[in-house]
Structures are given as C-alpha cells and as structure tokens.
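Visitor: Below is a structure I'd like to ask you about.
Here, each number is a calculation from the coordinates, and none is a lab measurement. In this text the structure is predicted, and so the values were computed from the model without any measurement. A quick note on method: Cβ atoms are made from the backbone with ideal geometry, for glycine too, and the neighbour counts reach across all protein chains shown.
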Amino acid sequence: MSFKNRLNNGQRFVINGREYQCLERHLYLQTRIDTEVGDIDADSSYYIIRDIKTGHLHKVPFNKIIEKDDANKITFVGSY
C-alpha cells in the first residue's frame with residue numbers, strides 16, 4: 001500500500017454519519033539503508049481526530065483512514 005496523505009490539520013470529514021475533525025498528524029519515517037530517500041511509515045503513523053458531537057479524541061492509524069478513503073466511506077466537509 002503506498003502512502004498518500006488523506007487528512008490535513010483542521011480538516012473536517014464524515015464517516016458513517018459521524019463528523020470528525022483532524023487535529024494532528026504524527027508521521028514516522030522509514031529509514032533506508034540504501035541511497036533511496038526514506039518514506040513515511042503508514043503502519044506507525046497516525047492521526048488525532050475529534051468527534052464533533054461528543055468532543056472525544058481518537059488516535060486513528062493512517063492505514064485505517066487510507067482503507068476508508070479507498071472504499072469511498074469518507075465525505076469531506078467544507079474547507080478548513
């Protein structure tokens with residue numbers, strides 16, 4: 001699975017009828033021993049998101065957001 005940034009800080013989105021806001025992105029880089037440039041490790045990277053209705057915070061792995069976005073289960077709300 002290749003990495004693609006799906007959410008930016010402050011961005012609002014809806015999954016399964018619940019609205020969330022991305023508060024932070026925590027990126028981890030893969031180290032490379034060859035001369036290639038390191039890449040983002042999607043398995044270790046995560047988003048901190050807030051449920052708009054309850055205010056609860058969630059730590060969601062990049063892979064989970066990538067899978068939901070690939071399945072067209074994320075609707076982006078307005079501009080951020």
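Visitor: Across the chain, where is the longest run that never hits trypsin sites (Lys or Arg not before Pro) in a DSSP loop with at most 15 other C-beta atoms within 10 Å?
Guide: On the way: sites that count: 4, 32, 53, 73.
That would be 5-31.
Visitor: A further question on this structure: Please name which of 52, 74, 9 has its Cα lying farthest along the dipole of the chain towards the positive end, using unit charges on Cβ (Lys, Arg +1; Asp, Glu -1) and the Cα centre as origin.
Guide: Farthest towards the positive pole: 52.
Visitor: Let me spell out the model: positive unit charges on the Cβ of Lys and Arg, negative unit charges on the Cβ of Asp and Glu, origin at the Cα centre of the chain. What dipole size does that give, in debye rounded to 20?
Guide: Magnitude of the dipole: close to 480 debye.
Visitor: Can you sort 57, 7 so the residue with the fewest Cβ neighbours within 10 Å comes first?
Guide: By the 10 Å Cβ count, ascending, the order reads 57, 7.
Visitor: Just add up the charged neighbours of residue 19: K/R +1, D/E -1, any other residue whose Cβ is under 10 Å from the Cβ of residue 19.
Guide: For residues surrounding residue 19, the net value is +3.
Visitor: Would you indicate which of (i) 3, 15, 25, 24, 16, 8, 5, 3, 1, 0; (ii) 3, 10, 17, 16, 18, 16, 11, 7, 2, 0; (iii) 3, 15, 28, 25, 17, 9, 3, 1 is the value of P(r) over Cα pairs in 5 Å bins from 0, in percent derived from the coordinates of this structure?
Guide: Correct label, based on the coordinates given: (i).
Visitor: If each residue's Cβ is checked for other Cβ atoms within 10 Å, how do 75, 31 rank with the fewest at the top?
Guide: In increasing order of surrounding Cβ atoms, one gets 31, 75.
Visitor: Arrange 13, 76, 62 by Cβ neighbour counts within 10 Å, fewest through most, would you?
Guide: 76, 13, 62
Visitor: OK, next. Which of 24, 36, 67 ends up with the largest GNM mean-square fluctuation for the chain, with Cα atoms connected below 10 Å?
Guide: Comparing 24, 36, 67 in a Gaussian network model of the chain, the most mobile one is 36.
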